[in-house]
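Encoded as structure tokens, the structure appears first; notes follow it.
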Amino acid sequence: MTEKLLIIEDEETLRESLKRVFLREQYETDVAESAETALNMIDGRIYDLIITDIILPGISGIEFLKKCREQNPEQVVIIITAYASLETAVEALRAGAYDYIVKPIIHEEIKRIVRNALRERALRAENTILKKQIEERYDFDKIIGESRVVTDLIGEVKRVADAKSNVLILGETGTGKELFARAIHFNGSRRNNPFVPINCSAIPENLLESELFGYVKGAFTGAVNSKRGLFEEADGGTVFLDEIGDLSLSLQAKLLRVIDDHEIRPLGGVQTRKVDIRFITATNKEINKAVRDGSFREDLFFRINVMTLVLPPLRERKEDIIILAKHFLERYAAEIGKNVKFIDDTTYKVLTAYYWPGNVRELQNIIERAVLITDNNTVFPEHLPEGMKGVSTFSSESIEKILSIEDYTKEFILRYQHSYGEQKLSGLLGITRKSLWEKRKKWGISRR
């Protein structure tokens with residue numbers, strides 16, 4: 001798209017000269033001999049950039065700039081002046097000018113300034129669009145589910161989004177802890193500042209401190225340059241610490257100081273730097289138990305646990321399974337480019353009967369796989385993983401038999417101990433490996 005310029009200059013020779021220069025540069029260029037004429041022109045047209053002389057008959061260039069910025073705060077304006085005084089420059093910049101140029105005008109200089117101004121304007125516009133897209137992506141409507149527990153959670157998120165308090169999110173793997181963290185950030189007052197997600201279990205402990213706090217040149221072998229840490233990068237925004245339960249005690253102590261003092265000190269540095277950060281933390285561990293056994297600091301727990309969100313596992317909101325399955329079906333059919341529109345009723349029964357140890361993330365992966373392998377417009381049970389169909393059939397049989405929880409668990413172990421390892425088997429039952437061992441011992445079921 002051709003960019004539109006407006007040149008306001010009362011000297012006809014200079015006005016026409018500048019017009020020819022920018023027409024040759026392929027800009028659409030209008031001219032005006034006074035600020036009054038220009039104000040009428042901008043009433044009916046949007047200009048990407050305006051160049052105005054500071055001294056004009058009637059309204060001055062500075063006054064025009066102020067009026068122009070009242071109408072459109074984002075308008076890019078360059079001032080031309082015959083007087084290279086500091087006072088003039090400061091006045092123009094304070095009024096909102098992008099830059100100023102001193103007469104006599106050098107064509108190459110003004111072309112360069114215009115190019116830079118338009119490039120910055122385009123980047124700002126692009127950034128605004130991207131931020132809007134991110135905000136829409138993490139709008140509350142994007143949290144899929146109609147169950148009572150999900151609607152209650154959305155209500156809680158709306159209440160905490162604008163608060164400054166730290167938030168702790170608890171939930172099993174795959175329940176959507178980061179999705180809720182982003183929803184809190186992008187619907188709160190910090191939405192225009194950084195959201196920095198950090199997985200505490202994914203970064204080796206010997207590297208995590210330097211990643212979080214940064215370091216100065218020479219802080220350790222290989223530190224040939226200084227580097228800003230993630231906490232400093234997040235200044236003014238939100239840090240999401242996922243799997244905070246895996247943080248070592250030494251790093252817990254340093255994190256506590258950041259929360260209490262709002263200061264960081266890079267590795268090898270001697271000076272602290274003030275930071276303004278909201279912390280959202282998450283874990284799939286029983287953090288209260290970790291506090292009791294001493295593997296998680298009690299004082300840090302109190303600091304991060306000002307507000308708590310507990311995300312339910314998918315098996316506890318079965319009414320959302322079909323809604324989520326349809327959502328993922330539409331999404332992956334569009335992404336992959338396949339005309340898959342339906343999920344068979346029998347498939348729905350299998351999906352709702354399944355235990356979902358991997359929660360929403362597992363459902364998402366299973367639907368993506370089904371869309372990939374189906375040859376028609378419908379997902380059938382044969383497009384689901386084999387083990388899943390077996391477990392679902394067993395669940396249905398157990399319901400028909402009206403088994404007690406104890407009998408269900410015993411039969412499940414007997415039927416599937418040859419198909420799954422101990423970790424998977426205990427996960428499917430929703431118990432720990434120690435509990436699985438105790439149940440084997442109680443019922444005399446040997447591990448094969």
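The values are calculated or read from the model by the stated rules, or taken from the named source; none is laboratory data. What you see is a predicted model; the values in this text were computed from it and never measured. In this analysis, Cβ positions are derived from the backbone assuming ideal geometry, glycine residues included, and neighbour counts consider all displayed protein chains.
Let me confirm something: among 134, 129, 143, which residue is at pLDDT below 90, closer than 22 Å to residue 315 by Cβ and either small (Gly, Ala, Ser) or under 16 Å from the mean Cα position of the chain (by Cα) (or both)?
So the residue among 134, 129, 143 that is at pLDDT below 90, closer than 22 Å to residue 315 by Cβ and either small (Gly, Ala, Ser) or under 16 Å from the mean Cα position of the chain (by Cα) (or both) is 143.
Just checking, does segment 266-288 include any residue being among the basic types (Lys, Arg), surrounded by 14 or more Cβ atoms within 10 Å (Cβ to Cβ) and over 21 Å from residue 168 (Cα atoms)?
yes
Restricting attention to segment 323-339, and to residues there that are surrounded by 14 or more Cβ atoms within 10 Å (Cβ to Cβ) and of a type in the set (A, V, I, L, M), which single residue is nearest to the chain's Cα centre (by Cα)?
324
Would you call residue 311 touching a strand residue (DSSP E or B) at 6+ places or on another chain (Cβ under 9 Å) and either under 30 Å from residue 383 (Cα atoms) or aliphatic (A, V, I, L, M) (or both)?
yes
Under 6 Å by Cβ, and 6 or more places apart or on different chains, what pairs join a residue from segment 1-28 that is in contact (Cβ under 8 Å) with a residue 24 or more places away in the chain and within 19 Å of residue 75 (Cα to Cα) with one that is surrounded by 16 or more Cβ atoms within 10 Å (Cβ to Cβ) and of a type in the set (Ser, Thr, Tyr)?
What qualifies is 3/27; 4/47; 5/27; 5/29; 6/47; 8/52; 22/29.
State all residues of segment 42-65 that are farther than 24 Å from residue 111 by Cα and not acidic (Asp, Glu); if no residue qualifies, say none.
Matches in segment 42-65: 44, 57, 58, 59.
For segment 16-29, which positions are surrounded by fewer than 17 Cβ atoms within 10 Å (Cβ to Cβ) and on the phi < 0 side of the Ramachandran plot?
16, 17, 20, 23, 24, 25, 28
Looking only at residues that are touching a residue at least 60 places away in the same chain (Cβ under 8 Å) and not in a strand (DSSP E or B) in segment 280-299, which one is nearest to the chain's Cα centre (by Cα)?
Restricting to residues being touching a residue at least 60 places away in the same chain (Cβ under 8 Å) and not in a strand (DSSP E or B), the top hit is 284.
Here's the yes/no breakdown for (1) over 27 Å from residue 178 (Cβ atoms); (2) at pLDDT below 95; (3) not charged (D, E, K, R):
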| site | (1), (2), (3) |
| --- | --- |
| 291 | no, no, yes |
| 300 | no, no, yes |
| 313 | no, yes, yes |
| 317 | no, yes, no |
| 353 | yes, yes, yes |
| 366 | no, yes, yes |
| 377 | yes, yes, yes |
| 380 | yes, yes, yes |
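The rows are residues; the columns are (1) under 19 Å from residue 279 (Cβ atoms); (2) out of contact with any strand residue (DSSP E or B) (no Cβ under 9 Å at 6 or more places or on another chain); (3) not assigned by TED's automatic domain parsing to the domain that holds residue 246.
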residue	(1), (2), (3)
151	no, yes, no
155	no, yes, no
177	yes, no, no
186	yes, no, no
216	no, no, no
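Need at least 1 residues that are in the same structural domain as residue 116 (by TED's automatic domain parsing) and without any contact (Cβ under 8 Å) to a residue 24 or more places away in the chain per element, so show me which strands (runs of 3 or more DSSP E) inside segment 44-105 make the cut, counting only ones lying wholly within it.
Of the strands (runs of 3 or more DSSP E) lying wholly inside segment 44-105, those with at least 1 residues that are in the same structural domain as residue 116 (by TED's automatic domain parsing) and without any contact (Cβ under 8 Å) to a residue 24 or more places away in the chain span 99-102.
Test residue 91 against the criterion of being over 43 Å from the mean Cα position of the chain (by Cα) and of a type in the set (D, E, K, R), and give yes or no.
When the stated conditions are applied, residue 91 does not pass them.
For residue 221, are the conditions met, namely being assigned to a loop (DSSP other than H, G, I, E, B) and of a type in the set (Ser, Thr, Tyr)?
So residue 221 passes the test.
Does segment 300-322 hold any residues that are farther than 19 Å from residue 432 by Cβ, surrounded by fewer than 17 Cβ atoms within 10 Å (Cβ to Cβ) and more than 24 Å from the chain's Cα centre (by Cα), and which are they?
Matches in segment 300-322: 302, 318, 319, 322.
With the requirement that a residue be of a type in the set (Gly, Ala, Ser) and under 25 Å from residue 268 (Cα atoms), what does segment 180-218 give you?
201, 202, 210, 214, 218
Can you work out which of the residues in segment 256-278 that are touching a Phe, Trp or Tyr at 6+ places or on another chain (Cβ under 8 Å), at pLDDT 95 or above and not in a loop (DSSP other than H, G, I, E, B) is farthest from residue 182 (Cα to Cα)?
Looking at residues that are touching a Phe, Trp or Tyr at 6+ places or on another chain (Cβ under 8 Å), at pLDDT 95 or above and not in a loop (DSSP other than H, G, I, E, B), I get 258.
Of all residues in segment 300-349, how many are closer than 18 Å to residue 385 by Cα, in a helix (DSSP H, G or I) and among the acidic types (Asp, Glu)?
Within segment 300-349, residues that are closer than 18 Å to residue 385 by Cα, in a helix (DSSP H, G or I) and among the acidic types (Asp, Glu) number 1.
Return the residues of segment 28-43 that are hydroxyl-bearing (Ser, Thr, Tyr) and not in a loop (DSSP other than H, G, I, E, B); say none if nothing qualifies.
Hits for segment 28-43 are 29, 37.
Report whether or not residue 227 is touching a residue at least 40 places away in the same chain (Cβ under 8 Å) and among the basic types (Lys, Arg).
no
Is it the case that some residue within segment 246-254 is part of a helix (DSSP H, G or I), farther than 28 Å from residue 364 by Cα and under 23 Å from the mean Cα position of the chain (by Cα)?
Checked segment 246-254: no residue is part of a helix (DSSP H, G or I), farther than 28 Å from residue 364 by Cα and under 23 Å from the mean Cα position of the chain (by Cα).
For segment 358-383, enumerate the residues that are assigned to a loop (DSSP other than H, G, I, E, B), surrounded by 15 or more Cβ atoms within 10 Å (Cβ to Cβ) and of a type outside the set (A, V, I, L, M, F, W, C).
358, 374
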